[in-house]
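Novice: Can you read through this structure? Questions will come right after.
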Amino acid sequence: MDGSGAEGELTAQETALYDRQIRVWGVDAQKRLSKSHVLVCGMNGTTIEFCKNIVLAGVGSLSLMDDHMVTEDDLNANFLIPPDESIYGGRSRAEVCCESLKDFNPMVRVSVENGDPSLIDGEFLDKFDIIVISGASLKIKLFINENCRKRSKRIAFYTIDCKDSCGEIFVDLQKHSYVQKKPGGETEQQELTYPSLQEAISVPWKNLPRKTAKLYFAMRVLENYELSEGRSPGKTTLSDIPAVLARRKDMCDKMSLNESQIPTALMEQLLAAGKKEHPPVCAILGGILGQEVIKSISCKGDPIKNFFYFDAADGKGVIEDIPPPPPPSAN
């Protein structure tokens, strides 16, 4: 969404249904929301919390992509899947979640997009304003983010992942203009420029502030290891800890970072988590992402730039603004 205004009027039914939130963010924001189209790739405990939130808020349409068949493990954190094998047996996560989400708000179009995220092309992406990726490899995330940036219209790109009691959100809004509310009620137009995911993870660690979240570094080590070993996310286990710690040492040496910035206990925690998600953390991450997507669509409020981390161990949420790497020297 480019924030240039929302065409069309809300119906009387929409105005009545969304009355409370219209009082919070205004009619124009609700119009933009009702004209927005969202694609979510990867249905898990975190993304279904996000989907629930934006469906209730009144997004125009929501498309779900996840061809994986539902298993009993999916029931641990995904409340949209009924605990009845006669209902979910032989069906994809996207199909079952789509059916459940339609009941939350019949005014929102919820549908399934079959296919492999790694094969998504630019023309397909043009149908959407927001792309959310979860549970995908770094290779797929980079591929989709790059394709989003090649399109003629701005497509907001997000990744969200929960590792048991920890979580990470990445945001790329490219160039984003929004209205910021100042003390006293005055408003001011602001503009932010975001780096791509590739740029954000390519910053030399020695250039980052010393207080940068340890989870930022730990997630980079884990995804680097998974990528080099050809592992799917969540398939690395505690038995891999010696090799992962060796990768940590190698990356820290190259990046001039003290290994103490990536505690062994934290790496063990991420490996032990596998694909496990902690439902209360899913709810927090899904709630934060829902707010961020609404900010992006409505062009109101300060958006996250560009990483968000949550760890239930201390109950804190941390925003990290990771800038793009400096341009090469002209020498």
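Novice: Of the residues in the stretch 146-159, how many are open to solvent by 20 Å² or more (accessible area, probe 1.4 Å) and under 13 Å from the mean Cα position of the chain (by Cα)? Steps first, answer last, please.
Specialist: First pass over the stretch 146-159, keeping only residues open to solvent by 20 Å² or more (accessible area, probe 1.4 Å): 146-147, 149-154.
Then keep just the ones that are under 13 Å from the mean Cα position of the chain (by Cα); that gives none.
Of the residues in the stretch 146-159, 0 are open to solvent by 20 Å² or more (accessible area, probe 1.4 Å) and under 13 Å from the mean Cα position of the chain (by Cα).
Novice: Looking at the stretch 241-260, can you tell me whether even one residue there is within 21 Å of residue 209 (Cβ to Cβ) and touching a Cys at 6+ places or on another chain (Cβ under 8 Å)?
Specialist: Filtering the stretch 241-260 down to residues within 21 Å of residue 209 (Cβ to Cβ) leaves 248, 251-260.
Add one more test, that the residue is touching a Cys at 6+ places or on another chain (Cβ under 8 Å), and what stays is 258-259.
Yes: the stretch 241-260 contains one or more residues that are within 21 Å of residue 209 (Cβ to Cβ) and touching a Cys at 6+ places or on another chain (Cβ under 8 Å).
Novice: OK, next. Given (1) under 23 Å from residue 156 (Cβ atoms); (2) part of a loop (DSSP other than H, G, I, E, B); (3) in contact with a Gly (Cβ under 9 Å, 6 or more places away or on another chain), where does residue 52 come up short, assuming only one miss?
Specialist: Unmet for residue 52, out of (1) under 23 Å from residue 156 (Cβ atoms); (2) part of a loop (DSSP other than H, G, I, E, B); (3) in contact with a Gly (Cβ under 9 Å, 6 or more places away or on another chain): (2).
Novice: Pick from the stretch 34-43 the residues that are surrounded by 24 or more Cβ atoms within 10 Å (Cβ to Cβ) and farther than 13 Å from residue 158 by Cβ: which of them is farthest from the chain's Cα centre (by Cα)?
Specialist: So, considering only residues that are surrounded by 24 or more Cβ atoms within 10 Å (Cβ to Cβ) and farther than 13 Å from residue 158 by Cβ, the one farthest from the chain's Cα centre (by Cα) is 36.
Novice: Please count how many residues of the stretch 275-331 are part of a loop (DSSP other than H, G, I, E, B) and closer than 24 Å to residue 59 by Cα. Break it down stepwise before answering.
Specialist: Within the stretch 275-331, the first condition is being part of a loop (DSSP other than H, G, I, E, B), and the residues that meet it are 275-276, 278, 299, 301-306, 312-315, 321-331.
From the residues that got through so far, the ones that are closer than 24 Å to residue 59 by Cα too are 299, 301-306.
Looking only at that region, the number is 7.
Novice: Right, another one. Need the failing condition index for residue 202 against (1) touching a Lys or Arg at 6+ places or on another chain (Cβ under 9 Å); (2) under 23 Å from residue 149 (Cβ atoms); (3) polar (S, T, N, Q), just the number.
Specialist: (1)
Novice: Looking at 259, 226, 268, can you tell me which residue is farther than 30 Å from residue 177 by Cα and buried (at least 19 other Cβ atoms within 10 Å of the Cβ)? Working first, answer last.
Specialist: Working: 259 fails: buried (at least 19 other Cβ atoms within 10 Å of the Cβ); 268 fails: buried (at least 19 other Cβ atoms within 10 Å of the Cβ).
Exactly one of 259, 226, 268 is farther than 30 Å from residue 177 by Cα and buried (at least 19 other Cβ atoms within 10 Å of the Cβ), namely 226.
Novice: While we're looking at this one, here's another question. Exactly one of (1) part of a helix (DSSP H, G or I); (2) over 18 Å from the mean Cα position of the chain (by Cα) is unmet by residue 219. Its number?
Specialist: Result: residue 219 passes all but (2).
Novice: Next up: Across the stretch 160-189, which residue is surrounded by the most Cβ atoms within 10 Å (Cβ to Cβ) among those that are at pLDDT 90 or above and part of a loop (DSSP other than H, G, I, E, B)?
Specialist: 173
Condition check ((1) assigned by TED's automatic domain parsing to the domain that holds residue 316; (2) without any contact (Cβ under 8 Å) to a residue 60 or more places away in the chain; (3) closer than 21 Å to residue 263 by Cβ; (4) of a type outside the set (D, E, K, R)) across all residues:
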residue: 169; (1), (2), (3), (4): yes, no, no, yes
residue: 176; (1), (2), (3), (4): yes, no, no, yes
residue: 179; (1), (2), (3), (4): yes, no, no, yes
residue: 188; (1), (2), (3), (4): yes, yes, no, no
residue: 216; (1), (2), (3), (4): no, no, yes, yes
residue: 226; (1), (2), (3), (4): no, no, yes, no
residue: 240; (1), (2), (3), (4): no, yes, yes, no
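Novice: Among the residues of the stretch 78-104, how many are assigned to a helix (DSSP H, G or I), open to solvent by less than 50 Å² (accessible area, probe 1.4 Å) and among the β-branched types (Val, Ile, Thr)? Spell out how you get there, then give the answer.
Specialist: Looking only at the stretch 78-104, we keep the residues that are assigned to a helix (DSSP H, G or I), and these are 85-88, 93-102.
Cutting the leftovers down to open to solvent by less than 50 Å² (accessible area, probe 1.4 Å) gives us 88, 93-94, 96-98, 100-101.
Then drop every residue that is not among the β-branched types (Val, Ile, Thr), which leaves 96.
Count: 1.
Novice: If you don't mind, there's one more thing I want to ask. Looking at the stretch 246-304, which of its residues are hydroxyl-bearing (Ser, Thr, Tyr) and farther than 30 Å from residue 155 by Cβ?
Specialist: First, the residues of the stretch 246-304 that are hydroxyl-bearing (Ser, Thr, Tyr): 256, 260, 264, 296, 298.
Result: 256, 260, 264.
Novice: Restricting attention to the stretch 100-109, which residues are touching a helix residue (DSSP H, G or I) at 6+ places or on another chain (Cβ under 6 Å) and over 21 Å from residue 83 (Cβ atoms)?
Specialist: Within the stretch 100-109, the subset touching a helix residue (DSSP H, G or I) at 6+ places or on another chain (Cβ under 6 Å) is 101, 104-105, 108.
Selection gives 105, 108.
Novice: Scan (1) in contact (Cβ under 8 Å) with a residue 40 or more places away in the chain; (2) open to solvent by 20 Å² or more (accessible area, probe 1.4 Å); (3) closer than 27 Å to residue 37 by Cα for the single condition residue 319 breaks and write down its number.
Specialist: All conditions are met except number (1).
Novice: All but one of (1) small (Gly, Ala, Ser); (2) open to solvent by less than 30 Å² (accessible area, probe 1.4 Å); (3) modelled with pLDDT of 95 or more hold for residue 243; state the number of the condition that does not hold.
Specialist: (2)
Conditions tested, residue by residue: (1) charged (D, E, K, R); (2) open to solvent by 60 Å² or more (accessible area, probe 1.4 Å); (3) under 15 Å from the mean Cα position of the chain (by Cα).
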site	(1), (2), (3)
106	no, yes, no
113	yes, no, no
119	no, yes, no
127	yes, yes, no
130	no, no, yes
134	no, no, yes
139	yes, yes, no
144	no, no, yes
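The values are calculated or read from the model by the stated rules, or taken from the named source; none is laboratory data. This one's a predicted model, so the numbers in the text were calculated from it and none came from an experiment. When we count neighbours, we look across all protein chains shown, and the Cβ atoms used for this are built from the backbone with ideal geometry, even at glycine. Ligands, DNA and RNA are stripped out before the accessible areas are found, and what is left, the full protein with its side chains, is counted by its heavy atoms. Shrake-Rupley method; radii C 1.70, N 1.55, O 1.52, S 1.80 Å.
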